[in-house]
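The values are calculated or read from the model by the stated rules, or taken from the named source; none is laboratory data. Keep in mind the model is a prediction, meaning the values are calculated, not measured. So basically every Cβ, Gly included, is an ideal-geometry build from the backbone, and we count neighbours across all protein chains shown.
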Amino acid sequence: MTLESAPDFTVPADRPVTGEQVTSPGSEWWRTAVIYQIYPRSFADSTGDGIGDLPGITSRLHSLAELGVDAVWLSPFFSSPQKDAGYDVSDYCDVDPMFGTLADFDTLMATAHDLGLRVIADMVPNHTSDQHRWFQEALASSEGSAERDRYMFRDGKGPNGDIAPNNWESVFGGPMWQRITNPDGTPGQWYLHIFDVSQPDLNWENPWVREQFFDILRFWLDRGVDGFRVDVAHGMIKEEGLPDYTPPMETASMGGTAAAATDLVPGIADVPPDPPYWGHSGVHDIWRGWNAVLAEYPGDRVMAAEAWVDPLEKMALWVRPDEFSQAFNFGYMFTEWTARDMRKVVDDSIAAFGAVGAPSTWVLSNHDVVRHATRLALHADVPQGSGIGPKTPGKPDTASGLRRARAATSLMLSLPGSAYLYQGEELGLPEDMELPDSARQDPTWLRTNHEKYGRDGCRVPIPWEADKPSYGFGPSGNSWLPQPEDWAPYARDAQEGLAGSTLELYRTALALRSEHRLGAGAVQWLDGYGPDVIALRNGPVTVIVNLGKVAVELPIGELLLASEDIIGGALPADTAVWLRS
Ligand code: GLC
């Protein structure tokens, strides 16, 4: 066969949107949006202290508009002691000085909207920091007080109350309970913390707690945010009586949702029940309340759930019309790189979300998982959150990981619905597997006595300019996690305009996705390419992905995009192409 044109990766960034469109009501823009996750501490540092900040983000937003994404999601930048990188909030209505000020946030918002980018904030309602005023007041108040009732305090077991109220284990390792000392110095009650000991769980059965969050949502909506990503949206309500629980096995999902990594999209019948602290049906009432608050505001604000629940049919309950707009598709994220599994998860996702009228989402990387440029070539079975490091067996080969990642992203961006990107994946960044132990900061590493590496390897500050200190991350050479010495070729400026670079592949895919309205399209499977190939048509684009080991023949057609060089009309292993149908 012959190809009608050679791949051209350099597509002009010609899709700025006006601020007016950003606020136009009725568009339900999020149904098809590509949303780029910014992890503020690792995106861009304006001060040189080695930690990214809001002015740094503002100064780089134009590059995201050029990339062609529709919105940015900012991981938490609120006041926080940073015991869990900002997911431990001590004031929901202020910016941590480490990241800047509320005025910096307003500038960021205005700049983003001028560039046609929407902005999504990250709300963390399951728990606060132990430094939050609410918790400090609870500690200072007596047992049974209204202040204590904001959190999950319980008496210990045994004659002296020195045995934890139940056997639950924290997501980050160790017990899920911490005993407090009363103001008079005597040993007191215990409080629940699903995550770190510094992250006490709020008591969401308490109407007072619910009211506080309505105000917090309005605070940010009034400042113009276009919506929220909601942290741990499957937590919040715990089973009555807090019964003991022993997990069936080590699992793929954050904190022990039930499906194993190797069986990610099982039917409802195959899935063991959720632990007593995850996926309780009582959470839906909370989300209906939040949905109503967002509906008070013009411009289609979005609410995206981080809900680690299996199977997809259950996750779909989070995106019923009066709850979340969408939910991260973690089933898709962890699907094995085989044609059979990928095709099945795409079908299952569209069916499950579609059944409740929601768009499917697609996601391959975020700040909690091993970057997909590494994960897709990983031989070891690594449960989510455990991370990888120098001693992990079966270390992946960087080149084959990147090759698969480029093919996987090319498939993802061709699918209808909404897609999430994680900062740095557009540069093809791998997981940093060689971080020195002394640099690690994830509570998982600390709370498991260094048994699990945790998530630092995907959080290393990203490279912008190959020849600058800290690769242009900031004005100094400082970087809160050390950057690998061989990252210069990944720097954005090294890839800009370079045919075949990962950055240009993303740009091309995003531009074509927008031009052909693939986000609003539909999947029509095409057969006849063999068991290791996925082939589909979405509107005018035919997508063919070879997940096998042997090259397959391509049909004749105009080549719009190729994740690798195409030579002689054959689609090599781990490669994706888009052709004009
Ligand atoms: C979510 C966040 C993760 C955080 C945890 C506790 O899963 O994505 O980074 O550690 O919640 O807030």
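Here are some notes:
- Any pair with Cβ under 7 angstrom, 6 or more apart, that starts in segment 161-173 at a residue that is farther than 21 Å from Val232 by Cα and ends at one that is within 16 Å of the ligand (Cβ to nearest atom) and part of a loop (DSSP other than H, G, I, E, B): none
- Selected residue (criterion: surrounded by the most Cβ atoms within 10 Å (Cβ to Cβ)) from residues of segment 66-100 that are of a type in the set (A, V, I, L, M, F, W, C) and in a loop (DSSP other than H, G, I, E, B): Val89
- In segment 109-138, the residue that is nearest to Asp300 (Cα to Cα) out of those that are of a type in the set (Gly, Ala, Ser) and surrounded by 20 or more Cβ atoms within 10 Å (Cβ to Cβ) is Ala121.
- Where a residue in segment 101-112 is in a helix (DSSP H, G or I) and its partner, wherever it lies, is surrounded by fewer than 15 Cβ atoms within 10 Å (Cβ to Cβ), with Cβ under 8 Å and at least six apart: Leu102/Arg223; Phe105/Arg223; Asp106/Arg223; Met109/Arg223
- Residue, farthest from the chain's Cα centre (by Cα), within segment 427-441, restricted to residues that are surrounded by fewer than 24 Cβ atoms within 10 Å (Cβ to Cβ) and charged (D, E, K, R): Asp437
- Residue in segment 416-426 that is more than 16 Å from the chain's Cα centre (by Cα), within 16 Å of the ligand (Cβ to nearest atom) and surrounded by 23 or more Cβ atoms within 10 Å (Cβ to Cβ) present: no
- Residues satisfying the stated conditions in segment 275-320, i.e. β-branched (Val, Ile, Thr), under 17 Å from Trp362 (Cα atoms) and within 16 Å of the ligand (Cβ to nearest atom): Val309
- Subset tally (residues that are among the aliphatic types (A, V, I, L, M) and surrounded by fewer than 18 Cβ atoms within 10 Å (Cβ to Cβ)) for segment 165-178: 0
- Verdict on Ala573 being part of a loop (DSSP other than H, G, I, E, B) and closer than 21 Å to Met342 by Cα: yes
- For segment 139-246, the strands (runs of 3 or more DSSP E) that sit wholly inside it and include 3 or more residues that are within 16 Å of the ligand (Cβ to nearest atom) are 227-230.
- Of all the residues in segment 139-161, those that are touching a strand residue (DSSP E or B) at 6+ places or on another chain (Cβ under 7 Å), surrounded by fewer than 18 Cβ atoms within 10 Å (Cβ to Cβ) and among the charged types (D, E, K, R) number 4.
- Test: residue in segment 338-360 that is buried (at least 20 other Cβ atoms within 10 Å of the Cβ), among the small types (Gly, Ala, Ser) and within 16 Å of the ligand (Cβ to nearest atom): no
- Criterion (touching a residue at least 12 places away in the same chain (Cβ under 8 Å), in contact with a strand residue (DSSP E or B) (Cβ under 7 Å, 6 or more places away or on another chain) and assigned by TED's automatic domain parsing to the domain that holds Asp149) met by exactly one of Arg229, Arg179: Arg179
- Qualifying positions in segment 80-104 - touching a helix residue (DSSP H, G or I) at 6+ places or on another chain (Cβ under 6 Å) and either within 16 Å of the ligand (Cβ to nearest atom) or among the hydrophobic types (A, V, I, L, M, F, W, C) (or both): Asp84, Tyr92, Cys93, Val95, Phe99
- Residue match in segment 457-466 (condition: more than 13 Å from Ala85 (Cβ to Cβ), buried (at least 20 other Cβ atoms within 10 Å of the Cβ) and within 14 Å of the ligand (Cβ to nearest atom)): yes
- Any hit, segment 327-335, residues being in a helix (DSSP H, G or I) and not aromatic (Phe, Trp, Tyr): yes
- Qualifying residues in segment 361-398 (those that are among the polar types (S, T, N, Q) and either outside the structural domain of Ala439 (by TED's automatic domain parsing) or in contact (Cβ under 8 Å) with a residue 40 or more places away in the chain (or both)) - the one surrounded by the fewest Cβ atoms within 10 Å (Cβ to Cβ): Thr392
- The sole residue among Tyr453, Tyr420, Tyr506 that is among the aromatic types (Phe, Trp, Tyr) and part of a helix (DSSP H, G or I) is Tyr506.
- Hits in segment 529-580 (condition: touching a Lys or Arg at 6+ places or on another chain (Cβ under 9 Å) and either among the β-branched types (Val, Ile, Thr) or assigned by TED's automatic domain parsing to the domain that holds Ser410 (or both)): Ile534, Val541, Thr542, Val543, Thr575
- Count of segment 202-219 residues which are under 13 Å from Val283 (Cβ atoms) and exposed (fewer than 15 other Cβ atoms within 10 Å of the Cβ): 1
- Some residue of segment 348-365 being within 22 Å of Gly385 (Cβ to Cβ) and part of a loop (DSSP other than H, G, I, E, B): yes
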